[in-house]
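*Asks:* Take this structure, written in structure tokens, and hold onto it; I'll ask about it next.
The values are calculated or read from the model by the stated rules, or taken from the named source; none is laboratory data. Since we're looking at a predicted model, the values are computed, not measured. Heads up, the Cβs are rebuilt from the backbone with ideal geometry, glycines too, and the neighbour counts pull from every protein chain shown. Side chains included, ligands, DNA and RNA excluded: accessible areas come from the protein's heavy atoms. Shrake-Rupley method; radii C 1.70, N 1.55, O 1.52, S 1.80 Å.
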Amino acid sequence: MKYIRHLLLIMLLLAFVAPIHAAKEAGEEKEGVDLQEILFGHIQDSYDWHITTINGHHVTLHLPVIVKSSTGWHVFCSSEFAEAKNAEGNRPGPYGLYISGSEANENKICEKVNGEEVCPLDISITKTVVVLFIDAILLLICVLIPARWCKKHKPEDPAPKGFTGLMHMFIMYIYNDVVKASLGKEADKYAPYLLTCFFFIFLANIMGIVPFPPGGGNLTGNITITFFLALCTFLITNITGTKAYWKDIFWPEVPTWLKVPVPLMPFIEFFSIFTKPLALMIRLFANMMAGHAIALSLACIIFIMFGINAIAGSMMTVVSVAMSIFMMLLEVLVCFIQALVFTMLSAVFISLAHVHGHAKN
């Protein structure tokens, strides 16, 4: 009850403070809130990390830019790009480079070569890369602390407490109820990969809803990250697949007319090899990106309504704050579910690839 009272008190404070701030903003800036810019500014990758704004001054972490243009390799800080856009909608920078504002290459580093806009080889340390490094370091810490405890204790010793006990509970739950339940005797062989998938995705999801650095990065809402995770599952599934698995794909046990002369079933089975990791990639990406978009949209309702009038803004503030808190709590549950679903489906796909030949009568 004590924590519930504190939560309600925070909600009431936000309900009274937000209208005053929003009314001030609405009086200073009549153009309203650019919801699209706010949403895509959080969801999309960028060459700098905007932390907050204090008295109209943007507190931003500028990241290193590493590109190979037509004139060679260049390494510089992203602060060298102009904040304001020129007449063409681009943000000019050094060495003839600029951050494009065109529809085809929006927010990408480009240059003009023979009058045409081209994108050079870009291996810059972007916001997504920084968040990836942070999450990887935190994951190592979360794993090495329990590993150190297990190294110093025997199996018959009392169960650990605190953070080590929490991690021990999570690891045993995923191993016993997901990995071992799907793979059986081969669980130990694939447990390191599947456990890494679960904890990496879960940690990245949780850090994504933390509203302040080092959190706030939309890592699993970036389709390149989910693509790589799905690619790893795809490679492990098909490289370790048994002969019976490949036989069921290219010569399944169906009537011959479904295989010859038109290889209908082999085509469907072969196509399913790619649809399974594609489903993993899209499911994780879409759910996490949608969660971030909904939470930001609910917060922006306050300022949108104050753009109409102060009464509407005041009425919607309490509703918006309550819905935002509910959405954030729901996001915590979604973070766990999405990590669990990805790990469970990966384990199922791997187990299906380890099918053995059918016994003949």
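*Asks:* Considering only region 156-180, state which residues are surrounded by 16 or more Cβ atoms within 10 Å (Cβ to Cβ) and of a type in the set (K, R).
*Replies:* K180
*Asks:* Can you name the strands (runs of 3 or more DSSP E) wholly within region 40-155 that have at least 1 residues being open to solvent by 70 Å² or more (accessible area, probe 1.4 Å)?
*Replies:* Fully inside region 40-155 and qualifying: 48-54, 57-62, 64-69, 72-77, 109-113, 116-118.
*Asks:* Something else about it: Among the residues of region 202-251 satisfying the criterion of being among the polar types (S, T, N, Q) and not in a helix (DSSP H, G or I), which is farthest from A299 (Cα to Cα)?
*Replies:* Applying the filter and picking the extreme gives T242.
*Asks:* Would you tally the residues in region 244-281 being of a type in the set (S, T, N, Q) and either open to solvent by 80 Å² or more (accessible area, probe 1.4 Å) or over 29 Å from the mean Cα position of the chain (by Cα) (or both)?
*Replies:* 1
*Asks:* Within region 184-201, can one find any residue that is of a type in the set (A, V, I, L, M), under 21 Å from I282 (Cβ atoms), open to solvent by less than 60 Å² (accessible area, probe 1.4 Å) and within 17 Å of the chain's Cα centre (by Cα)?
*Replies:* Yes - at least one qualifying residue is present in region 184-201.
*Asks:* Something else about it: Residues in region 138-178 that are more than 23 Å from the chain's Cα centre (by Cα) and touching a residue at least 24 places away in the same chain (Cβ under 8 Å): how many?
*Replies:* Here the count works out to 1.
*Asks:* In region 203-243, which residues are open to solvent by less than 30 Å² (accessible area, probe 1.4 Å), aliphatic (A, V, I, L, M) and at pLDDT below 90?
*Replies:* Answer for region 203-243, where residues must be open to solvent by less than 30 Å² (accessible area, probe 1.4 Å), aliphatic (A, V, I, L, M) and at pLDDT below 90: M207, I209, L219.
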